[in-house]
Each structure stands twice: as C-alpha cells, then as structure tokens.
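Here is the structure we will look at, set down as structure tokens.
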Amino acid sequence: EPDSMELSTLGGWIATRASGMKRARYGNIEDMVLEVRLITPGGAVWQRHGDPKAQAETAIGRASTNIGLPAMVLGSEGCLGIITSAIVRVRPLPQVVEYQSVVFPDWDRGASWMREVARMPAGLRPASCRLMDQNQLQLAQALKEGSEQSGTWHSLRASLRDAFLACKGVSLQEAAAVTLVFEGNRAEVNLQKKEISKLVAVAGGIWGGAAGGAAGYTLTFAIAYLRDFGLDYRILSESLETMVPWSTIREVWPAVKLAVQSKHRQLRLPGKPFMSCRMTQLYDEGGVLYMYIAICTTGLEPKTALKAFENLEHAARCAILNAGGCLSHHHGVGKLRASLLPETIS
C-alpha cells in the first residue's frame, strides 16, 4: 500500500522498486512480481516458464534458469524499456483490520522500541508500524478536518492528550508516537497484539488508542498533497527516505538536521526550515527513515528559490550518505538523485 497509490501504477512500482506502508505483511514489490512484459526499442521481451500454451493464465513462482527478467527490470526506471504488463502474487483481503497507537516520551525511546519490534519473528509483526516525531504529531493536529469536536484529527489530539495526562512530566513538544495496523484473521491479529503489548509494557509506552492509530495512518496519505499546496504560499518542500543499518540509524537524522540548518543559514534564507522524521519499514538489518524538509521562499525570485532548495536538498542527501544511509530505499534515483549515484557505485 504505497503512499502514492492514487497517483501511481503497477508498472511504476516495478520500475522504481517500490515499497509500501504494509510491507511487513505483504512484502516489497520485488516479493510480489513473478513475470513482466517489457517493450524495448528492439521489440517486446517476455520470459515464460512452463507450458507456452498457458499464455498469461499461470506463472512459475521460481525458476533457476539464468538471469530472470523481473530481476533485471526491477529498479530500472525505464532505462531498459516500458513495462506494459506483469503477473504478481495476490493475497486475500484480511478478515480483520485494527488500528492502535503508542506514545513515547521522546524519539529516542520510540526508536529503541522499534528496534525491538524488528527483532520479532516476521509473522508476529504488525502489518504497519511507524514512528512519528513530535513535529508530525503537531502537523496531525494542524491538518484536522471539520469542527474542533469531530473528525479523525480531533480524535488523534484527544487520544494523545489523555495519554499524556496519564504520564506526568512528558511534554507534547518532545513526544513521539507509533501508529500500528494489525491485519489477518482473528487469531493472527490477536497474537500480534498480544506480542506487541509485551514490548509496550517493557518499554513503558502509553497506549494512545485506536482512533489515534487510524488518524496517524491516514496522515501519511494527506502529507503527499502538502508539497503542491505549499507552493501557493511560497513554501518548497520535499521528502527524503533512506534505509540505515541499526548500528548507525541514530546518527542519520541528527546529521541531516545539522546539515540543513547550516546550509539554510549560509544561504541566508528567510525564517527557519521545517524538518520532520518518521521511521517506517523495519528489517532485520535496519530501518527506514522518512524525512521531510520545507522552507519559506518569500521575497526570493522563483529561480533563486529553486536553486537554494536544491542546495539544501543536496546537503541533506550528502549527510545521509556520510552517516551510513543509502541513496534511496524505495523512491528510486530519477533526476533528483542522479548526481549522487556515482558515489554509491565502486
């Protein structure tokens, strides 16, 4: 379930080697693709296994017959051709979908808890487990819809308020929250919740409620539209994502903030940069950090503003690489990251 589901396609997911919010249960796109059809300047390329008379009605799940076409196409970003069709694995819709949220006093304690979730057997992890920093919690409140007394954003605020009232000495300005989505049959969901509850108790987390979890999950889709909305108010913004080994994951976000703040001062841009981070997909080897940067460009000519933002973004991406992160976990390279690609290849 990628954030861009409304505006993206299956072919695009394959070409960019995409991932999604429920990767923990359903896998990344490379875990789903069985066969692809590629249109190249020299004609169509289609790799078949088994009975050719079956056409596209069946697919072989795995074959050791030299290089597989799907492996070549995944992440190719159009360099080899255009993906026109594919055979993918499908899963039954879950019988049960439940949301929940957990509040932690600060980002560090939330990140430590996420590390423990990553140590769980894959089958016991929630379908989605995402840690949001304090800036995203405040953004959730600012993006509430409807009246002050209704709507998902009000529910998130009320849930967080009640949780923090039960935990003296914890400031909303420093807190972090995890949104959880449990999916499967009733037995699976009950088992996942039971095992997650043990980790919450050990870490001293505070349950924030189902409404908070649903609202926080929905926030991810809303954020996708904020970049275009901000342009009307002379705000430029972008998201950066990276996978980082657990051994260095705590170093990346502080390094990015320091690099962006330093470059912002150097360029003498108005105001202060807005920066926010969340931890999304979890792996045995590391976690994915999803970072947002936004700046005000009031008083700047459009070309000057764009150039300044490109400098900021470049500084942030260099900081990610220098701190041990990869160039991209699932957004791909494209034009924005092309200049840094040589640094990742030896």
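The values are calculated or read from the model by the stated rules, or taken from the named source; none is laboratory data. Fair warning: this is a prediction, and the values are worked out from it, not measured in the lab. Note that each Cβ is placed from the backbone with ideal geometry, even for glycine, and that neighbours are counted across all protein chains shown. To get the accessible areas, we keep the full protein, side chains included, count just its heavy atoms, and leave off ligands, DNA and RNA. Shrake-Rupley method; radii C 1.70, N 1.55, O 1.52, S 1.80 Å.
Could you identify the single residue in Y217, Y225 that is over 30 Å from T344 (Cβ atoms), open to solvent by 60 Å² or more (accessible area, probe 1.4 Å) and under 16 Å from the mean Cα position of the chain (by Cα)?
Details: Y217 fails: open to solvent by 60 Å² or more (accessible area, probe 1.4 Å).
Just one listed residue meets the conditions, Y225.
Checking the condition modelled with pLDDT under 90, buried (at least 16 other Cβ atoms within 10 Å of the Cβ) and not small (G, A, S), which residue from P94, P2 passes? Of the residues listed, the single one that is modelled with pLDDT under 90, buried (at least 16 other Cβ atoms within 10 Å of the Cβ) and not small (G, A, S) is P2.
One residue stands out among those in region 5-14 that are open to solvent by less than 60 Å² (accessible area, probe 1.4 Å) and in contact (Cβ under 8 Å) with a residue 40 or more places away in the chain: the one that is farthest from the chain's Cα centre (by Cα), which is G11.
Which one of these is open to solvent by less than 50 Å² (accessible area, probe 1.4 Å) and touching a Cys at 6+ places or on another chain (Cβ under 7 Å): M291, M279? Quick ask: steps written out before the conclusion?
Working: M279 fails: touching a Cys at 6+ places or on another chain (Cβ under 7 Å).
Sole residue among the options that is open to solvent by less than 50 Å² (accessible area, probe 1.4 Å) and touching a Cys at 6+ places or on another chain (Cβ under 7 Å): M291.
For region 65-72, indicate whether the set of residues that are polar (S, T, N, Q), modelled with pLDDT under 95 and open to solvent by 80 Å² or more (accessible area, probe 1.4 Å) is non-empty. I'd like the intermediate steps shown before the answer.
At the first step, the residues of region 65-72 found to be polar (S, T, N, Q) are 65-66.
Filter again for modelled with pLDDT under 95, leaving 65-66.
Applying the additional criterion that residues be open to solvent by 80 Å² or more (accessible area, probe 1.4 Å) yields 66.
Scanning region 65-72 turns up at least one residue that is polar (S, T, N, Q), modelled with pLDDT under 95 and open to solvent by 80 Å² or more (accessible area, probe 1.4 Å).
If the condition is being of a type in the set (D, E, K, R) and surrounded by fewer than 16 Cβ atoms within 10 Å (Cβ to Cβ), then region 324-342 contributes only K335.
So, K198, is that one closer than 25 Å to E301 by Cβ and open to solvent by 60 Å² or more (accessible area, probe 1.4 Å) or not? It is false that K198 is closer than 25 Å to E301 by Cβ and open to solvent by 60 Å² or more (accessible area, probe 1.4 Å).
Give the residues of region 228-252 that are of a type in the set (A, V, I, L, M) and surrounded by 15 or more Cβ atoms within 10 Å (Cβ to Cβ), sorted by residue number. Correct list: I235, L236, L240, M243, V244, I249, V252.
Just one residue in the set G81, G75 is open to solvent by 30 Å² or more (accessible area, probe 1.4 Å), closer than 29 Å to I14 by Cα and small (G, A, S); that residue is G75.
Working carefully through the options A201, A211, find the one that is in contact (Cβ under 8 Å) with a residue 24 or more places away in the chain and in a helix (DSSP H, G or I). Working first, answer last.
Working: A201 fails: in contact (Cβ under 8 Å) with a residue 24 or more places away in the chain.
Sole residue among the options that is in contact (Cβ under 8 Å) with a residue 24 or more places away in the chain and in a helix (DSSP H, G or I): A211.
So which residues in region 230-267 are in a helix (DSSP H, G or I) and closer than 22 Å to G334 by Cβ? First the steps, then the outcome.
Here is the first cut: in region 230-267, the ones in a helix (DSSP H, G or I) are 230-231, 249-266.
Selection gives G230, L231, V252, V256, A259, V260, K263.
Hey, can you tell me all the residues within region 123-141 that are outside any strand (DSSP E or B) and of a type outside the set (S, T, N, Q)? Hits for region 123-141 are G123, L124, R125, P126, A127, D133, L137, L139, A140. Of the residues making up region 268-295, those that are assigned to a loop (DSSP other than H, G, I, E, B) and closer than 17 Å to Y225 by Cα number 0. The residues on offer are R227, R250, and the sole one that is touching a Ser or Thr at 6+ places or on another chain (Cβ under 8 Å) and of a type in the set (D, E, K, R) is R227.
Condition first: outside any loop (DSSP other than H, G, I, E, B) and either at positive phi or open to solvent by 20 Å² or more (accessible area, probe 1.4 Å) (or both). Now tell me which residues in region 296-308 satisfy that.
We begin by selecting, within region 296-308, every residue outside any loop (DSSP other than H, G, I, E, B); these are 296, 302-308.
Within region 296-308, C296, P302, K303, T304, L306, K307 qualify.
Against the test of being modelled with pLDDT of 90 or more, of a type outside the set (F, W, Y), open to solvent by 40 Å² or more (accessible area, probe 1.4 Å) and in a loop (DSSP other than H, G, I, E, B), the options R17, R37, R109, R48 yield a single qualifying residue, R17. Just the residues that are surrounded by 14 or more Cβ atoms within 10 Å (Cβ to Cβ) and basic (K, R), please, taken from region 171-195. Within region 171-195, K193 is the sole residue that qualifies.
Can you name every residue in region 281-303 that is of a type in the set (S, T, N, Q) and either at pLDDT 95 or above or in contact with a Leu (Cβ under 8 Å, 6 or more places away or on another chain) (or both)?
Of region 281-303, the ones of a type in the set (S, T, N, Q) are 281, 297-298.
Selection gives T297 alone.
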